[in-house]
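The structure appears below as structure tokens.
The values are calculated or read from the model by the stated rules, or taken from the named source; none is laboratory data. Worth saying up front: this structure is predicted, and the values here are computed from it rather than measured. Because the Cβ atoms are built from the backbone with ideal geometry, glycine has one as well, and the counts that use them run over all protein chains shown.
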Amino acid sequence: MHQQLVVEKISSILEATDTAYDAKLTDLLDNAKRVFISGAGRSKLVGNFFAMRLVHAGYDVSVVGEIVTPSIKAGDLLIIISGSGETEQLVAFTKSARKVGANIILISAKESSTIGDMADAVFQIGRAEQYGKVFGMPMGTVFELSTLLFLEATVSHIIHEKGIPEEVMRERHANLE
């Protein structure tokens with residue numbers, strides 16, 4: 001019962017998400033000097049998944065907040081993952097990136113927000129009205145899982161469009177684990 005509930009809810013969110021986002025996001029990634037990914041809480045974990053796969057696909061990626069993350073500069077791309085688009089720390093990161101001329105994308109459950117107003121693009125996952133209380137999927141679960149699957153599908157789009165063989169991705173995978 002609960003597995004079906006989760007699958008049906010995530011499917012409905014993804015069906016309501018703009019199908020052109022994967023190509024748009026790929027274009028933005030390809031035109032960026034470097035990519036920086038940030039989120040808070042579980043959204044940050046979703047960003048970590050995406051960052052790892054982008055590295056496997058050959059992009060220069062950093063996760064904001066790691067001790068080795070370099071400074072962001074003009075020509076770089078900051079991807080913020082935030083269901084609300086209002087998380088204070090992420091608002092501050094967005095302001096800093098805007099000051100230096102970096103491009104900014106917000107991936108969110110909302111079309112309009114403080115971060116979205118500063119971003120170059122907002123990728124709304126699903127529709128706002130789909131995010132009310134969902135039995136068995138509390139506190140942002142719907143957004144986080146939907147975003148994770150959206151970003152995994154985007155990686156699938158990237159490796160398909162670029163013809164990146166899994167063997168090449170494996171060569172880029174961490175070997176100190």
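Each row is one residue, and each column tells you yes or no for (1) out of contact with any Ser or Thr (no Cβ under 6 Å at 6 or more places or on another chain); (2) farther than 22 Å from residue 77 by Cβ; (3) in a helix (DSSP H, G or I); (4) of a type in the set (A, V, I, L, M).
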{"site": "115", "(1), (2), (3), (4)": "no, no, yes, yes"}
{"site": "130", "(1), (2), (3), (4)": "yes, yes, yes, no"}
{"site": "134", "(1), (2), (3), (4)": "yes, yes, no, yes"}
{"site": "146", "(1), (2), (3), (4)": "yes, no, yes, no"}
{"site": "154", "(1), (2), (3), (4)": "yes, no, yes, no"}
{"site": "164", "(1), (2), (3), (4)": "yes, no, no, yes"}
{"site": "168", "(1), (2), (3), (4)": "yes, yes, yes, yes"}
{"site": "171", "(1), (2), (3), (4)": "yes, yes, yes, no"}
{"site": "176", "(1), (2), (3), (4)": "yes, yes, no, yes"}
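Scanning segment 8-60 for residues that are buried (at least 20 other Cβ atoms within 10 Å of the Cβ), β-branched (Val, Ile, Thr) and more than 15 Å from residue 147 (Cα to Cα) yields a single hit, 35. Scanning segment 78-133 for residues that are aromatic (Phe, Trp, Tyr) and under 23 Å from residue 32 (Cα atoms) yields 93, 123. The residue that is nearest to residue 12 (Cα to Cα), among those in segment 113-131 that are aliphatic (A, V, I, L, M) and surrounded by fewer than 18 Cβ atoms within 10 Å (Cβ to Cβ), is 128. Reported count of residues in segment 56-91, each being in a helix (DSSP H, G or I) and over 14 Å from the mean Cα position of the chain (by Cα), is 4. Looking at segment 82-113 only, could you name the residues that are of a type in the set (Ser, Thr, Tyr) and in contact with a Ser or Thr (Cβ under 7 Å, 6 or more places away or on another chain)? Within segment 82-113, 82, 84, 108, 113 meet the criteria. Within segment 109-143, restricting attention to residues that are among the acidic types (Asp, Glu) and under 16 Å from the mean Cα position of the chain (by Cα), the residue that is modelled with the lowest pLDDT is 111. Close Cβ contacts (under 8 Å, 6 or more residues apart or on different chains) running from residues in segment 1-15 that are part of a helix (DSSP H, G or I) to residues that are among the basic types (Lys, Arg) and at pLDDT 85 or above are absent. Identify, please: which residue in segment 46-55 is free of Cβ contacts under 8 Å to residues at least 24 places away in the same chain and among the hydrophobic types (A, V, I, L, M, F, W, C) and is, among those, farthest from residue 88 (Cα to Cα)? Of everything passing the filter in segment 46-55, 52 is farthest from residue 88 (Cα to Cα).
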